[in-house]
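What follows is calculated from the coordinates using simple rules that are stated; it is not laboratory data. Worth saying up front: this structure is predicted, and the values here are computed from it rather than measured. When we count neighbours, we look across all protein chains shown, and the Cβ atoms used for this are built from the backbone with ideal geometry, even at glycine.
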Amino acid sequence: MSLSVQEFRQQFSDKLMTTFGKKVEKATPFEAFQTVGLILRELLNRKWQDTKGTYRSNSQKQVYYFSMEFLLGRLMITNLLNSGLLETCKQGLEELGFNLEEVLGQEQDPGLGNGDLGRLAACFLDSLASLELPGHGCGIRYKYGLFQQKIVDGNQVELPDYWLKNEYVWETKRLDQTVEVHFGGEIETVEESGRLTFKHHHYEKVLAVPYDIPVSGYQNHTVNTLRLWSAESTTNDFHFYSIDRKDYYHYLDYKRSVEQISEFLYPDDSSYEGRLLRLKQQYFLVSAGLQCILREFKNSYPSVDLLPEKIAIQINDTHPSLVIPELMRLLLDQEQLSWEKAWELTTRTVAYTNHTTMSEALETWPVDMVKTLLPRIYMIIHEINERFCRHLWLAHPTLRDEIKHMAIISYGQIHMAHLAIVGSYSVNGVAKLHTDILKNSVMKPFYTVFPEKFNNKTNGITHRRWLLMANPPLASLITEAIGETWVREPKQLITLLKYAGDAAFQEKIAGVKQANKTALAKYIQERTGIRVDDRSIFDVHIKRLHGYKRQLLNVFHILHLYEMIRDNPNMDMVPRTFIFGAKAAPGYHFAKKVIKLITTTAAKIAADPIVREKIRVVFLENYNVSLAEQIIPATDVSEQISTASKEASGTGNMKFMLNGAITIGTLDGANVEIREMVGPDNIFTFGLTAEDVLAYQLSRMYRSRDVYNGDQRIRRVMDQLVNGSLSNDDVEFKDIYYTLLSNNDEYFVLKDFDSYVEAQDLLEQAYRQPTEWLKKSITNIAHSGKFSSDRTISEYASEIWDIHPVTISSTTQSR
Ligand code: CR1
């Protein structure tokens, strides 16, 4: 689509007038944003129509990616870049008296996700559309995203994230596509002409209304769909005007309970009600999504037998794993298929991605809860379990002792990962190490039974958002050096290797990094009032706050440096700025204490005239996609220091690498593959390996107290937690202290401290050699092509989904 600056300006003022009744001079930046949004929407709508039309007419297979989270980030910039209008819009807006940055900044981040898992889903949608692959997202339109984080007195405070308070310019409500989802009630089993049928009575009826968001591909004609479902009530079953108005009050209760379903991303699941709501959300997504897919499918194809040939459903972790019994329900009860046929179709359509081996995150639901909320679904899960256990008993006699650990239903709980494995044709992990751990340890018996299902798909990120949009100066520099083929084929970044040692190129790379650091320093000052030295090393740890991600280990290193500088104020060291960004789950006490520890350490250092010359700590509140886009291009050191075996992949590690940061990390998740690519000289690895960790967990031979007793540096750091030197309130950090000593330091912080400090020393020495450092940095960028989500999605497309690129033919496009 080409649009001249002149045409853009004209369209802008026309649209502004018809939408807001305003002249350009009077428009606010928000109105300008909405206006550009509407211009883009019109362009996208045409391509969207074409895409849908082409998919319908060429009857190729399509994939649906079911996920409880999609962490999209701002979409205006993506849509401008993808449609090739970024420059036109920038210039047009400037001529009209607006600043592009300010206009883009008006967009609310839709916080419909928590961390990596949701961001991965968004990168995947971007790659699907950019590779012209027929693939769509299916999720929930939560009214409130993940909470907004404020830091008050050093503590995290959670505020509601009402991202929809202004109209969301990218969505379209599709009332005509509404479906009904049923909860509760009873099932009556009746025999009709020799066949059992199941009648659902007294259920609660919820309307699922879809809102569609267009997902555009990079400078092509594809616009796929992200469909987000919203729960609404129906008024049909109530008589508001009855004499006693009883129905009216029932209706209010009912309306409230329905709307809750799509209200919050994470209902507080520390209570039974909270958990019930979460289960309701999962079924709501799954049932609405599947009904709609099946309805469209039946409009296009003569028989549901073709389902696996035409549709693949990928479930993003176990959250949408009720897809399996729900698809069975639809095929059995609605389509009247036999159990065997329905099972065959289901297990050839559904594929499952596992994203974690942490036992706390492996979902289970109490039988009673599922039975009451989803009676028919429970019956189906029960039957799947019976048949699966019988199969194990007969076909795998050697596993008989394992059956109780493999059953889908055991000890009153439904194990969703087991259901997902049994009911799908592909089970993939998200990095090599993680997949190996699934196969050889966590899911071992399942791997024995279904070896053919297990496969690895190492995660990736979209270089369009994380380099082209987030770091335009670096992107231009790369293009200047190696031409622009890398933009469509990120693997080509490898040709940068020949410039790794090139002094002139190094200087340019250093210049871009410095400019980004200066910009971030300015941003930090504006946001926090803290002035940081933009010549210091920017050492960054941004991700969810969790024990296994070990923000605590990072703080311990900082507190150790603090002691060293106090001992020797003239210590020769390169000044460093430690930057953190992280949200802690609202009910996760320990994680919140770690935030408090970071902010307390920051304050203590800021107040110390000697120490603050050398180190600074900054905690940036409300970490989200847009903030990550600011921070990553300015980073020198990327902290990826999870306890080995715990981080399934990580994707932040890839974003940093792509932007030339050097990783300090454990041999965990995708760090292992980053190391394989760049070689050991271009990454700083340390600490226990996954094997060590698993062995310690089995043998129970680790004693954190021994490490504490044996290392004076650790004792000094830890004593600061409880001796009043950090906080007057001497119980403030007691919990952290005892978690490490009395609860035996589940995440091996003390154990890895020594090798972490050593790796940090080596890293500092390397930083002192600018030529060597820049060489490492360029080498990292050059090898980052492997971690493009285009590569990941191509693998899913050919090895799991069997879908192929479709060139969209233009039917509505006038130009
Ligand atoms: C993992 O912890 C991984 C993402 C995306 C997370 C992280 O290492 O990069 O998934 N897992 O694959 C998760 O959120 C529920 O599990």
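Please list log₁₀ I(q)/I(0) at q = 0.16, 0.18, 0.20, 0.21 Å⁻¹ for the range 570-705, using the Debye equation with identical point scatterers on the alpha-carbon positions.
Summing over Cα pairs of the range 570-705 leads to -1.07, -1.24, -1.33, -1.34.
Over the chain, consider all pairs of different Cα atoms and compute the Kirkwood hydrodynamic radius from their mean reciprocal separation; express it in Å, one decimal. It would help to have the intermediate numbers written out before the result.
Values: mean 1/r = 0.0353 Å⁻¹.
When all Cα pairs of the chain are included, the Kirkwood radius is 28.3 Å.
With 5 Å bins from zero, work out the P(r) of the range 587-658 over every alpha carbon pair and list the percent per bin.
Reading the bins upward from 0: 3, 12, 16, 19, 24, 17, 7, 2, 0.
Given 10 °C and 1.306 mPa s, how large is the Stokes-Einstein diffusion coefficient of the range 174-262 in µm²/s, with Rh as the Kirkwood radius over Cα pairs? Write out the running numbers ahead of the final one.
Working: Rh = 16.3 Å.
Estimated diffusion coefficient is 98 µm²/s.
In terms of Cα to Cα distance under 19 Å, which lysines are near enough to Lys61, apart from those fewer than 8 places away along the same chain?
Of all the lysines, those that pass the test against Lys61 - Cα under 19 Å, at least 8 places apart if same chain - are Lys52, Lys298, Lys310.
Over the Cα atoms of the range 235-323, compute the convex hull volume and normalise it per residue, giving Å³. Let's see the in-between values first.
On the way: hull volume 12.0 nm³, N = 89.
About 134 Å³ per residue, rounded to a whole number.
Highest mean first, how do 701-714, 577-590 rank when packing is the count of other Cβ atoms within 10 Å averaged over residues? The partial results should precede the final answer.
Values: 701-714: 14.9, 577-590: 19.9.
Per-residue mean Cβ counts within 10 Å order the peptides as 577-590, 701-714.
Starting at the first residue of the range 430-439, write each ³J(HN,Hα) from the Karplus equation 6.51 cos²θ - 1.76 cosθ + 1.60 with θ = phi - 60°, in whole Hz, x for Gly and Pro.
Result, rounded to whole Hz: 10, 7, 3, 4, 4, 5, 5, 5, 4, 5.
Principal axis extents for the range 703-796, Cα atoms only, whole Å, descending order, please.
The principal-axis extents, from largest down, are 51, 40, 28 Å.
With no solvent and one point on each alpha carbon, what is the Debye value of log10 I(q)/I(0) for the range 423-483 at q = 0.16 Å⁻¹?
Debye intensities relative to I(0), on a log10 scale: -0.61.
Just to be sure I understand the curve: with the Debye formula and one point per C-alpha of the range 487-638, what is log10 I(q)/I(0) at q = 0.13 Å⁻¹?
The calculated log intensity ratios at q = 0.13 Å⁻¹ are -0.68.
For Phe538, what residues show an amide H to amide H distance below 5 Å, using hydrogens built from the backbone and excluding near sequence neighbours?
Close amide H contacts, sequence-distant or interchain: Thr577, Asp636, Val637.
By count of other Cβ within 10 Å, fewest leading, how are Thr357, Thr435 ordered? Please list the in-between numbers first.
Working: Thr357 18, Thr435 23.
Listed from fewest to most nearby Cβ atoms, that is Thr357, Thr435.
Can you give me the long-range amide H partners of Gly185? Hydrogens built in the peptide plane at 1.01 Å from N, cutoff under 5 Å, separation of 5 or more residues or another chain.
Answer set, sorted by chain and number: Glu204.
Suppose R0 equals 45 Å; then what is the FRET efficiency for Ala695 and Val574 from their Cβ-Cβ distance, rounded to the nearest 0.05? Walk me through the intermediate numbers first.
Values: r = 37 Å, r/R0 = 0.81.
E between Ala695 and Val574, to the nearest 0.05, is 0.80.
Using the Cβ atoms and a cut-off under 11 Å, what net charge is assigned to the surroundings of Gly652, where Lys and Arg are +1 and Asp and Glu are -1?
Details: positive: Arg119, Lys543, Arg544, Lys549, Lys655; negative: Asp116, Glu639, Glu647.
Taking every Cβ under 11 Å from that of Gly652, the sum is +2.
Starting with the highest mean, order 607-613, 717-723 by the number of other Cβ atoms within 10 Å, averaged over the residues of each peptide.
Packing order, densest peptide first, comes out as 717-723, 607-613.
Provide, as a two-decimal number, the C-alpha radius of gyration of the range 45-155 over 2.2 N^0.38 Å, N being how many residues it has.
1.33
What order do you get for 564-576, 456-468, 182-194 when each peptide is scored by the mean count of other beta carbon atoms within 10 Å, highest first?
Taking the mean over residues of other Cβ atoms within 10 Å, the ranking is 456-468, 564-576, 182-194.
Determine ³J(HN,Hα), in whole Hz, for all residues of the range 535-552 in sequence, where each value follows from phi through the Karplus function 6.51 cos²θ - 1.76 cosθ + 1.60 and θ = phi - 60°; x replaces Gly and Pro.
Couplings: 9, 7, 6, 8, 10, 10, 10, 10, 4, 3, 8, 8, x, 6, 7, 6, 4, 4 Hz.
Quick one: which residues, 5+ away or cross-chain, put their amide H under 5 Å from the amide H of Ser410? H built at 1.01 Å from N.
Here His415 satisfy the definition.
Mind checking which lysines have their C-alpha under 27 Å from Lys371, skipping anything on the same chain fewer than 8 residues away?
Within the straight-line cut-off, Lys371 pairs with Lys199, Lys205, Lys255, Lys280, Lys341, Lys404.
What spacing in nm lies between the two simple spin-label points modelled at Thr372 and Ala607, each 7 Å away from Cα in the Cβ direction?
In this crude spin-label approximation the distance works out to 5.1 nm.
Any chance you could run the full-extension gain for Thr518 through Glu259? It's 0.36 nm times the residue separation minus the Cα-Cα distance, nm to one decimal. Before the final figure, lay out each step's value.
Working: separation 259, 0.36 × 259 = 93.24 nm, distance 4.57 nm.
Length difference between fully extended and current span is 88.7 nm.
For the chain, what does -39500 (n - 2.57) per DSSP helix run (n ≥ 4), summed and divided by total residues, give at 222 nm, in deg cm²/dmol to the nearest 500?
Working: 32 runs with 373 residues, N = 815.
The helix-only estimate for the chain comes to -14000 deg cm²/dmol at 222 nm.
With a 10 Å Cβ neighbour count serving as the proxy for reagent exposure, in which order, fewest first, do Ser230, Ser725 appear?
On the way: Ser230 23, Ser725 12.
In order of increasing Cβ crowding within 10 Å: Ser725, Ser230.
Taking the beta-carbon count within 10 Å as an exposure proxy, list Leu392, Leu374 from fewest neighbours to most. Write out the running numbers ahead of the final one.
Values: Leu392 18, Leu374 27.
Listing Leu392, Leu374 from fewest to most nearby Cβ atoms yields Leu392, Leu374.
Return the distance in nm (one decimal) between the two label points of a simple spin-label model at Ser59 and Arg488, each offset 7 Å from Cα along Cα→Cβ.
For the pair Ser59/Arg488, the computed spacing is 3.1 nm.
Add +1 for every Lys or Arg and -1 for every Asp or Glu among the other residues with Cβ under 14 Å from the Cβ of Phe450, and state the total.
Working: positive: Arg348, Lys439, Lys444, Lys453; negative: Glu402, Glu452.
Result for the local shell: +2.
I'd like the FRET efficiency for Arg174 and Leu96, computed as 1/(1 + (r/R0)^6) with the beta carbon distance as r and R0 of 30 Å, rounded to 0.05.
Values: r = 33 Å, r/R0 = 1.11.
Plugging the Cβ-Cβ distance into 1/(1 + (r/R0)^6) gives 0.35.
Where both partners of a DSSP beta bridge lie in the chain, what percent of those bridges are antiparallel, to the nearest 5?
In the chain, approximately 45 percent of DSSP beta bridges are antiparallel ones.
Give me a comma-separated list of calculated 3J(HN,Hα) values for the range 612-629, in order, Karplus coefficients 6.51, -1.76, 1.60 applied at θ = phi - 60°, integers in Hz, x for any Gly or Pro.
Ordered by residue, 3J(HN,Hα) equals 5, 5, 10, 10, 9, 10, 10, 10, 8, 7, 6, 4, 8, 4, 5, 5, 4, 5 Hz.
Once you put a point 7 Å from the Cα of Asp802 and another 7 Å from the Cα of Thr189, both along the Cβ direction, what distance in nm separates them?
Using points 7 Å along Cα→Cβ, the separation is 3.5 nm.
What percent does the relative contact order of the range 368-497 come to when contacts are Cα pairs within less than 8 Å and at least six residues apart? Working shown, then result.
Values: 95 pairs, mean separation 18.7, N = 130.
The value is 14 percent.
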